[in-house]
Structure formats: C-alpha cells, structure tokens
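Just passing along the structure, written as structure tokens.
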Amino acid sequence: MMKIMSERALEGLIKTIESEVRIPEGIEEKILVRVFASESEHDPYLMPFERFVYEKPLRIAACISVAISGMLWSVMGGSFANWLIGFIR
Amino acid sequence: MYLLKVLYKSIIAPLEVFRKDHIEGRLSASIAIILITALLGSIIAPVVRFYMNKGQYEIHLHLDRMFIAFFVTIGTWLIVCISFWLWSKAFNKDLEFRQVISIWGLSYMPNLICVILYNLLSIAPELGRESNILAFILSSLFIMLLVWKAIYYFVFMRFVINTTLFEISLITMASTVLFVILMMVGFNVGIQVPML
C-alpha cells in the first residue's frame, strides 16, 4: 500500500535536493593528480622539473655540459679540453 | 618512413617513443641504430683509419678482431636488455622483452654520435690540439652525450619499467657493476666507446 509523505518530510527532501554539495578542501586536487598519474601510460603526469628534463633531454644535456666545461675551464684553464680529449682517446 | 619518424622523436621528444604501448617501426629503428653503431665503431672506423694512415705507419687490419668487436657490441646491448627485463620481472612490472629491446636501442643515439666524434678525433687528432675553442666545443659535446645517455636511462626506468625511487636506486647500483664489467670486456676486444 502506498504511503503518503508528510508535508514536513517533503520539505526536508526538497531542501536536501537543493542543498549545495561541497567537496572537502584538497580532495579535488588529489583526485586530479591520481587521474593524471593513472593515465601515465599515454600522457604521463610530470612535475615541472621532470618536464624540463625529460621532454627535451638535449636541451638540459647541453646546459649541463656547457656548465661543467665552463667550470673545468675556469679551474684548469685552456688545457682542460686537451686533457679531456686525451683522456677519451 | 615510420623508422625515421621514431628516430626523430627519440631525439626531439623521447617521451613519445619511450612508452610501453606498441609504436610502429620502433623495433626496426632500434635495431637499425644498434647495427649502424656497431658497424661504424667496429668495422667501418678501423677500415677508414687503416686507409688514412696506411702510408704513414705500419698498421694492419685485424678482420677477426673487428668482427669480434661487432658481435660483442650487439651482445652487450642484448645483455643490458636482458638485465633490464629481469629487473622488471623481479619487481612485477608488466614488460615484455620485445618492448625492452625496441626501446633501449633508441638510447644508442648518443653512442652513435660519440663513435663518430671519437673516430673523427682518431683520424684528425689536430682537431683537439690546434684550437682551444674547438677543443672546448668537442669536450662539451662529449659531456653532453654522456648526460644525454644518462637522461635516456632515467626516462627508461621512470616511464618504461615504471620504477619507484627504491627500485631505481637498486637497479642503478647493480647495473653499475654490470656496466663496468661489460665496458672492460669491450675494451679488451677493441671497443673504445662503451656500448651499453
């Protein structure tokens, strides 16, 4: 047999439907990070530093090599390049 | 066409080819780089050196040593691939051997350029002596190739084997020992540029 809803219960139900859903702070970001991480097979989620290193490795490799060469040059002078080439050969 | 596209991407945007899913032409590109590097380093370079210095010094071509170096180069690549594949199995990563060989071979691009540079210096040693600027550029290039190869290694660990920090530390420590052994074997058969 069908039950008739009281006026107060009906009012409560309508209020529940209309009430705004609030997501706890930080949850939205966490879900997004997890989704990005799980999709890493196709479009890996990368931190800004990782993006800088892994996306264009030649760029970072060139930066590091020039920095190391410059440092060695300042310590050993012009002979460092000959020393390094001699070592490699 | 696919082969060239994969080669281009492995240099410009390695993340697009250093991934587990199937990519058309990747295995062929990988094998092509390995064969070209091995041929250049162990057969073509000694022949060129021989003909360049024939009149100046008494030198001989050791065909047997050249072919041993060629097969050792291929062998070291396979051993490194097998070790990475075994590590992936040990850490329960879903990775096939075919994926390992098709991806790790792409990391031989710095080796290939290093072989060319090294042999260029062997043929024309004055390049590194006459000009300080040129010597600086050449040294920077060698360091750049080393860093580039290291980045390929980390990309492979991070995006192909999908290791954690602990796993990558363990694999790197164990691989260092293996790499040193393979390098020593390589030097003994006349491979001057490490082929790992």
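A:E25 to B:I79: FRET efficiency via 1/(1 + (r/R0)^6), r the Cβ-Cβ distance, R0 45 Å, to the nearest 0.05?
0.30
Toward the positive end of the charge dipole of chain B, about the Cα centre and with charges on Cβ (Lys, Arg +1; Asp, Glu -1), which of B:G75, B:W85, B:A150 goes farthest?
Positive-most Cα among the choices belongs to B:W85.
Where does helix B:26-39 land angle-wise versus the long Cα axis of chain B, in degrees 0 to 90, nearest 10?
Value to nearest ten degrees: 30.
Please state the charge dipole magnitude for the protein assembly as shown, taken about the Cα centre, from unit charges on C-beta atoms (+1 on K and R, -1 on D and E), reported in debye and rounded to the nearest 20.
600
Can you work out the FRET efficiency for the pair B:Q56 and B:L170, with r the C-beta to C-beta distance and R0 = 45 Å, to the nearest 0.05?
0.35
Would you tell me the mean number of C-beta atoms belonging to other protein chains that fall within 10 Å of each C-beta in B:109-116, as a whole number?
Per residue, the average neighbour count from other chains is 1.
Let me ask something else. Across peptide B:26-35, what mean number of C-beta atoms from other chains lies inside 10 Å of a residue's C-beta?
Whole-number average of other-chain Cβ neighbours for B:26-35 is 0.
Hey, got the average number of other protein chain Cβ atoms within 10 angstrom for residues in B:141-149?
6
Okay, next question. Nearest 20 debye, what's the magnitude of the dipole of the range B:2-188 about its Cα centre given +1 on Lys and Arg Cβ and -1 on Asp and Glu Cβ?
The calculation lands at about 200 debye.
Another question, then. Kindly express, to the nearest 10 degrees and within the range 0 to 90, the angle between helix B:2-12's C-alpha long axis and the longest C-alpha principal axis of chain B.
The answer is roughly 90 degrees.
Only loop residues by DSSP count here, and only those with at most 14 other Cβ atoms within 10 Å; note down the GluC sites (Glu not before Pro) in the range B:1-68 that meet that.
In loop regions of the range B:1-68 (DSSP not H, G, I, E or B), the sparsely surrounded GluC sites (Glu not before Pro) are B:E24, B:E58.
Since every read-out is calculated from the coordinates, none of them should be taken as a lab result. As the structure is a prediction and not an experimental result, all values here were calculated from the model. Note that we place each Cβ from the backbone using ideal geometry, even for glycine, and neighbour counts take in every protein chain shown.
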